[in-house]
Structure formats: C-alpha cells, structure tokens
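Please treat every number below as a calculation from the coordinates, not as lab data. If you're wondering where the values come from, they're calculated on a predicted model, not measured in any experiment. Ideal geometry is used to build each Cβ from the backbone, glycine not excepted, and the neighbour counts take in all protein chains shown.
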Amino acid sequence: MSFQKKLNEHPATEADNMDQVVDATKHKYPRQVLQTFIQTAPRGSQAIYFRGPFLNSYSLAEFVREMHLRGQCELVQRRIKIGRTAIYEYMMVKR
C-alpha cells in the first residue's frame, strides 16, 4: 500500500504532495499516524508531531525519541514567532 493511501485512511491527517509534510497533530491518535509514517514514507518526508511552546506529551516524546535512536528519523524544531512570543513545531524527518 502506498504512503499517500495509508495516510489517507486517517481522515484528520493531511499529506501535502509537494513536500510530503504530515501533520499528526490533527489526528486523535498521533502515535499511530507516526508509526504509519515511519513504515511507509519516502526518505526526506516530514511529520509534525506537536505544536506548542514545549512538548508535554511524555509517551509521544518517548516514541519519537525511540525512532530517532533506531536511526529511522531526525528530530528538528521550527520556531514560529507570534508577536513577541514564539511556539515550536516539533518535527521528524524520515531517513
């Protein structure tokens, strides 16, 4: 089954055809979306797993960290400035 088709099984998950960005924050079960992403996404694809001032979901953080330690992804942050404050998008990039 293709990467796009698997992700489309999750209606709240959005995948952009141009740069393969998956937004797991919109899904009720982001960990399942990220598991599918790791298994089926092409190299260089990106998934947003949290958006906010700091990552406060311990179980999601542990899952993402484990995928990084296994060499399946790189972890990055994107700073989004909102006036005088900022929030972050926490992303994983498939290796």
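For the stretch 37-79, trypsin sites (Lys or Arg not before Pro) meeting the loop criterion (DSSP other than H, G, I, E, B) and having at most 11 other Cβ atoms within 10 Å: Arg43, Arg70. Here the calculated FRET efficiency for Gln39 and Tyr88, from their Cβ-Cβ distance with R0 = 25 Å, stands at 0.45, rounded to the nearest 0.05. Electrostatic bookkeeping for Arg31 treats Lys and Arg as +1 and Asp and Glu as -1; over the other residues with beta carbon under 12 Å from its beta carbon, the sum is -1. Near Pro53: Cβ cut-off under 14 Å, other residues only, Lys/Arg at +1 and Asp/Glu at -1. The net charge is +4. How charged is the neighbourhood of Glu89? Take every other residue with its Cβ under 11 Å from the Cβ of Glu89, and add Lys/Arg as +1 and Asp/Glu as -1. That sum, taken over residues with Cβ under 11 Å, equals +2.
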